[in-house]
Amino acid sequence: MITIFEKIDSNNINMDLIEKAAGILRKGGLVAFPTETVYGLGADGLNASACKKIYEAKGRPSDNPLILHIGNISQLKDIVCDIPECAVKIIDRFWPGPVTLVFRKKSIVPDSVSGGLNTVAVRFPSNPVARAIINAAKTPVAAPSANTSGKPSPTRAKHVLHDMDGKIDMIIDGGSCEVGLESTIVDVTGKKPVILRPGGITKEMLEEVVGAIDIDPAVYKALSAGEKPKAPGMKYTHYSPDAEVFLVKGEKSNVAEKINQLVKQDMENGLKTGVMCLNSNAGLYKADMVVGVGKNMRQAGKALFDILRDFDENKVNKVYSEVFEETGEGMAVMNRLKKAAGYKLIEA
Ligand code: TXA
Ligand code: MG
């Protein structure tokens with residue numbers, strides 16, 4: 001398959017391109033497009049065979065359900081049974097935007113979207129290109145992150161091209177993604193809302209609107225055999241670059257000393273090394289690549305996946321990262337970093 005690659009200006013959207021993308025979706029094809037979180041790999045969300053193609057292109061396990069993306073609020077009632085009160089509050093405050101809600105699904109939603117669950121995850125993205133495509137397609141669009149399953153999510157069109165060239169019909173390049181981490185997922189089907197996956201809309205921001213919120217244990221730790229996360233995708237290895245990633249925890253100066261010592265050993269063994277740290281700590285490290293993730297966790301979220309893919313491009317073998325605070329956006333950053341590291345933690 002030849003993948004069409006087109007650039008689009010989100011401030012001056014070329015509607016011919018949008019129509020072309022929507023036409024491909026309506027015919028059951030696959031189109032990757034930018035959202036404010038990460039690039040999505042879209043298919044007609046009500047067409048079971050189109051959705052199956054997503055699993056093939058990504059190499060994704062079939063029990064891992066997809067998020068349905070809507071282009072306007074009125075589409076929601078077509079796909080979900082009821083809209084609980086806490087969902088109304090979250091929608092009023094944060095939609096369109098980077099938060100996904102899990103509802104009880106209507107039967108129109110195919111099993112290949114819901115992975116056999118009786119619920120469906122729905123997201124109303126704020127990115128104008130994403131919304132234009134969904135509205136032109138006139139159907140909810142199923143869209144996981146547009147990466148090969150297990151790899152870091154794509155925050156730029158070149159990442160999508162790297163993973164999906166020849167496997168999908170079209171890639172729309174709308175520049176780099178604002179948030180850089182996938183949406184916060186909140187299950188609103190129970191008595192109390194539960195965060196299944198942390199993202200740019202933080203627990204603190206949600207609690208301002210709906211009061212106390214629970215967090216699924218899979219957000220913090222590796223699950224033991226038999227334990228099931230509520231978001232099936234959280235059980236898979238994720239975000240892993242080719243390089244082996246380690247988290248190093250402790251007092252700032254101890255961490256620097258420990259990492260520099262590990263790097264020195266690796267370099268003696270002929271390995272290429274990388275370090276991820278807060279910008280202000282970059283001067284403390286010596287390695288082949290020392291990368292500042294940003295000044296704060298919002299910047300780190302935007303940069304994280306890009307940095308992980310950069311290490312691969314530069315053939316880095318081992319990456320050592322500082323451990324960051326798990327509050328605010330830091331909860332999402334640490335969730336992705338722990339998974340990238342396969343939960344390997346070194347105490348300094
Ligand atoms: O920001 C995002 O959400 C991006 C962009 C493209 O919109 N999409 C995204 O999709 O991250 P994906 O497929 O990479 O991640 C979807 C996650 C998976 O962990 C999946 O298990 C979970 O959502 N999920 C989907 N439907 C669910 C449901 N009904 N109940 C619980 N978890 C669900
Ligand atoms: Mg994904």
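Here, each number is a calculation from the coordinates, and none is a lab measurement. These numbers come from a predicted model, not from an experiment. Heads up, the Cβs are rebuilt from the backbone with ideal geometry, glycines too, and the neighbour counts pull from every protein chain shown.
Numbers at a glance
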| quantity | calculated |
| --- | --- |
| Ratio of the Cα radius of gyration of the stretch 155-219 to 2.2 N^0.38 Å, where N counts its residues | 1.52 |
| Residue-averaged 222 nm ellipticity for the chain, from DSSP H runs of 4+ at -39500 (n - 2.57), nearest 500 | -9500 deg cm²/dmol |
| Residues Arg156, Arg93, Arg309, sorted so that the one with the fewest Cβ neighbours within 10 Å comes first | Arg93, Arg156, Arg309 |
| Nearest 10 degrees, 0 to 90: helix 85-94 Cα axis against the chain principal axis | 70 degrees |
| With eigenvalues of the C-alpha gyration tensor scaled by 5 and rooted, the stretch 120-275, Å | 32, 25, 15 |
| Highest to lowest packing among 18-26, 97-105, scored as the average C-beta count within 10 Å | 97-105, 18-26 |
| Kirkwood-based shape ratio for the stretch 205-348, expressed as Rg/Rh from alpha carbons | 0.99 |
| Positive-end residue, the stretch 206-337 charge dipole about Cα centroid, Cβ charges, pick of Ile307, Leu247, Asn260 | Asn260 |
| Over 31 Å between alpha carbons, listed pairs Lys151/Lys249; Lys203/Lys252; Lys252/Lys339; Lys167/Lys286; Lys52/Lys89; Lys7/Lys318 | Lys167/Lys286; Lys52/Lys89; Lys7/Lys318 |
| Cα-centred dipole magnitude for the chain, charges only on beta-carbon of K, R (+1) and D, E (-1), debye, nearest 20 | 540 debye |
| Anisotropy class of the stretch 272-324 from Cα gyration tensor, a/c 1.5 cut | oblate |
| Volume per residue of the C-alpha convex hull in the stretch 65-126, rounded to whole Å³ | 72 Å³ |
| Volume per residue that the Cα convex hull of the stretch 98-156 spans, once the total is divided by residue count, Å³ | 113 Å³ |
| Protection-proxy order for peptides 223-231, 241-249, 31-39, each taking the mean of Cβ atoms within 10 Å per residue, highest first | 31-39, 241-249, 223-231 |
| Rh by Kirkwood over Cα pairs, then Stokes-Einstein D for the stretch 1-118 at 1.567 mPa s and 4 °C, µm²/s | 82 µm²/s |
| Base-10 log of normalised Debye intensity for the chain (one unit scatterer per alpha-carbon) at q = 0.09, 0.14 Å⁻¹ | -0.48, -1.12 |
| Under the Debye formula (equal points on every Cα, no solvent term), log10 I(q)/I(0) of the stretch 38-90 at q = 0.17, 0.22 Å⁻¹ | -0.68, -0.95 |
| Base-10 log of normalised Debye intensity for the stretch 1-48 (one unit scatterer per alpha-carbon) at q = 0.24 Å⁻¹ | -1.03 |
| Added length on full extension, which subtracts the Cα-Cα distance from 0.36 nm per residue, Arg26 to Val88 | 19.3 nm |
| Length-normalised contact order for the stretch 151-276 - Cα pairs under 8 Å, 6+ apart - percent | 17 percent |
